[in-house]
1. For region 53-61, just list the computed ³J(HN,Hα) in residue order, Karplus coefficients 6.51, -1.76 and 1.60, θ = phi - 60°, integers in Hz, with x standing in for Gly and Pro.
2. How big is the charge dipole of the chain about its Cα centre, in debye rounded to the nearest 20, if each Lys and Arg gets +1 on its Cβ and each Asp and Glu gets -1 on its Cβ?
3. Can you pull the percent of Cα pairs in region 97-226 with separation above 21 Å?
4. Enumerate the calculated ³J(HN,Hα) couplings along region 68-77 in order (Karplus 6.51 cos²θ - 1.76 cosθ + 1.60, θ = phi - 60°), each rounded to whole Hz, writing x wherever the residue is Gly or Pro.
5. Which residues' amide hydrogens lie under 5 Å from the amide hydrogen of Leu64, considering only partners 5 or more residues apart or on another chain, with H built in the peptide plane?
6. Using amide H atoms built in the peptide plane, which far-off residues or other-chain residues are under 5 Å from Gly71 H to H?
7. What list of ³J(HN,Hα) couplings, whole Hz, do you get for region 120-126 from phi and the Karplus terms 6.51, -1.76, 1.60, once you set θ to phi - 60° and write x for glycine and proline?
8. Is there a pair in Lys140/Lys229; Lys27/Lys67; Lys29/Lys80 whose C-alpha atoms are over 19 Å apart, and which pairs would that be?
Amino acid sequence: MEFQKISSPSLRELFVNQFEELILSGKLKIGEKLPPERQLAEEMQVSRAVVNSGIRELEKKGFLTVKSRSGTFVADYRQKGTIDTLLAIMNYRGGRLKSSEIRSILEIRIALDTLAVQLCIPSITDSDIALLSEKIEAIKNAADATEAAGAAFAFQHAFALVSGNTLMPLIMQSFRPPVFTLWERFCILYGIPALYESNYRLWTFIRDRDKEGAIAYIQSSMDDVIFGKHQIYFD
């Protein structure tokens with residue numbers, strides 16, 4: 001057995017994590033002004049470099065706004081946030097998402113998968129279909145939910161690649177952590193065969209070059225996860 005190296009978080013990571021928890025818990029309110037960097041460094045017993053880099057990271061994630069000559073304020077991360085914000089929220093909740101957040105992710109999936117179908121089916125090759133088939137079989141042969149979720153994402157990413165749209169695979173990759181979490185949860189609730197069947201049915205429509213059938217199935221399968229018997233809501 002191989003053991004992974006144990007590494008402790010840096011002071012900057014601890015600083016960022018503490019402020020994320022304070023903001024997401026509501027202890028720091030939106031619009032609230034933070035103390036000056038020097039005061040934060042003294043109270044938290046870290047260097048100003050740690051404070052400065054931590055604030056920049058939090059600003060990048062949409063949690064803080066730095067205003068020249070005015071100071072640093074807690075931002076409305078719902079408006080300023082990025083995919084990094086979503087990941088921070090997931091980490092804060094132990095990897096869990098609210099039902100509204102899950103629904104929003106799946107609605108984006110419907111839009112992306114529908115576009116991928118519209119782009120790929122008119123020009124998809126037999127070799128592309130064979131490649132997607134290999135990805136599908138990897139789901140079926142997965143040893144556990146984590147491996148199956150990874151294989152399902154690999155299929156979706158390959159599907160995005162064969163669409164020919166150069167940005168779609170990048171967008172899919174940016175959503176990998178939350179999508180992976182959803183598929184893993186799906187497997188835990190309903191089993192690997194159910195995840196395999198869902199993706200396999202989509203592949204059959206692609207194999208048959210049935211664009212309308214594929215689009216209809218994408219909508220119905222996502223509706224099933226959002227509203228139907230395979231819901232994966234956490235609350």
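No lab work stands behind these numbers, since they all come straight from the coordinates. Just so we're clear, the structure is a prediction, and the values are computed from it rather than from any experiment. Glycine also receives a Cβ, built like all others from the backbone with ideal geometry; neighbour counts cover every protein chain displayed.
1. Values, residue by residue: 5, x, 5, 4, 5, 5, 5, 4, 7 Hz.
2. On the way: 28 positive and 29 negative charges, 187 e Å.
Dipole of the chain, to the nearest 20 debye: 900 debye.
3. Working: 2829 of 8385 pairs.
Value for region 97-226: 34 percent of Cα pairs lie more than 21 Å apart.
4. Each residue's phi maps through the Karplus curve to give 4, 6, 10, x, 10, 10, 6, 8, 7, 5 Hz.
5. The list, which skips near neighbours in sequence, is Glu59, Ala75.
6. none
7. 8, 4, x, 10, 5, 9, 4
8. Working: Lys140/Lys229 21 Å; Lys27/Lys67 21 Å; Lys29/Lys80 15 Å.
Beyond 19 Å: Lys140/Lys229; Lys27/Lys67.
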